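Below: the structure, in structure tokens.
A short reminder: the numbers here are calculations on the coordinates, not readings from a lab. Just so we're clear, the structure is a prediction, and the values are computed from it rather than from any experiment. Cβ atoms come from the backbone with ideal geometry, glycine included; neighbour counts cover every protein chain shown.
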Amino acid sequence: MRPPARPRAAGTARPRPADQGAAAQDRGGPEADHRGRDLQDEARRDRSVGGRPAGDRQETGRSRPAPQERPATGATPSAGGRVGVVSDQLADRLAERTAMARYRVWRRIGWTAFAVAVAAGLGWAAFVSPLFALDAEQVRVTGEGTTVDVGEVREAVTDEAGVPLPRLDTVGLREEILAMNAVKNVRITRAWPDGLTVELTSREPVAAVPQPGDVYALMDAEGVRVGTAEEVPDGLPSIVTSLSDAGAGRRALDAALAVLGALPPKLAADITTVSAATQDDVRTTLSDGRVIRWGSGADVPLKTKVAQTLLRAEPTATTVDVSSPGLPVTH
């Protein structure tokens, strides 16, 4: 059994024994001689570089450069190669990006801490420190009228002295003042940095109603008792009715007060007495003795215009009846 043939290197001709060629010539004659020349030509071509004979290479003086092999994907280039430079640049960019992200995080933390510190400082200054504390000398009360006790109102407000204005319970303070006698409404305003303004709307009496014990109850236009007097105050008419009456008496009083509350100040000041036997029979007596019959407390503005016109047109009339303003009557 023959051993396998050994592979020959590229560019080398297969060696042939010298006697093999001669034997071939002896066996073949001219045909063998031609074959031998072909074999020599083939050997010369194998010895040439890049398919060109060695003689041609010597004549030209230069040889074809050998092709450079391209590194395979994932191969590590030699030191100083371009891939190494790209890798260094990529690492620098990643490091720079990481540093910027860290800087942004710390900057955000710093600003947040600063904002929290500022808010805490403002909160302490507004709600804890005496910087905005209420000063009793900076309390101002207005609109007390003739019936509200200003001292009582001021005392209720100054009890809150020393409390910072942002913490001051103005709602509770308003309810406390509204519970006082003769206070109809109140508006409380902070006067920075340490003051308070209290604007009152007082209940002003429009009539004095006789009471048992020779006293008079002072009533406002809404029927709220705002005070007591031993005699009828100047400028107030007295109402002939009793607060102790239930039902019809109370309705008659409400009708009389509604008429008085809707009159213009000049006409109201000229009235001396008011009588209200029922809620539909309200009468007023002027200082000169003339009587105006109003009927109920409805349509008082229209009735007032008609009554003033008739008082000027018929100064001698002793009674002006405007209970039906469309058909007024004078006597």
Inset, instruction - Give me the net charge of N185's neighbourhood, meaning all other residues with Cβ under 10 Å from the Cβ of N185; Lys, Arg count +1, Asp, Glu -1. - result: +3
Legend entry - Net charge contributed by nearby residues that have their C-beta within less than 13 Å of R102 (K/R +1, D/E -1): +3
Legend entry - Cα-centred dipole magnitude for segment 87-210, charges only on beta-carbon of K, R (+1) and D, E (-1), debye, nearest 20: 980 debye
Inset, instruction - Using a/c under 1.5 as the rounded threshold, could you call segment 208-330 rounded, prolate or oblate? The axes a ≥ b ≥ c are square roots of the C-alpha gyration tensor eigenvalues, and prolate needs a/b larger than b/c, oblate otherwise. - result: prolate
Legend entry - Calculated from backbone phi, Karplus (6.51, -1.76, 1.60) coupling profile of segment 286-300 in Hz, x at Gly/Pro: 7, 5, 8, x, 6, 10, 10, 9, 9, x, 8, x, 8, 6, 5
Legend entry - Sum of side-chain charges, V215 neighbourhood, beta-carbon under 14 Å (Lys, Arg +1; Asp, Glu -1): -2
Legend entry - Reach of K266 by Cα under 19 Å, taken over lysines that are not fewer than 8 positions away in the same chain: K303, K305
Inset, instruction - Return the long-range amide H neighbours of A191 (sequence gap of 5 or more, or a different chain), with a cut-off of under 5 Å between placed amide H atoms. - result: L196, T197
Legend entry - G227 long-range amide H proximity, modeled H, under 5 Å: L218
Legend entry - Restricting segment 174-233 to GluC sites (Glu not before Pro) in coil, as DSSP defines it, with at most 13 other Cβ within 10 Å: E222, E230, E231
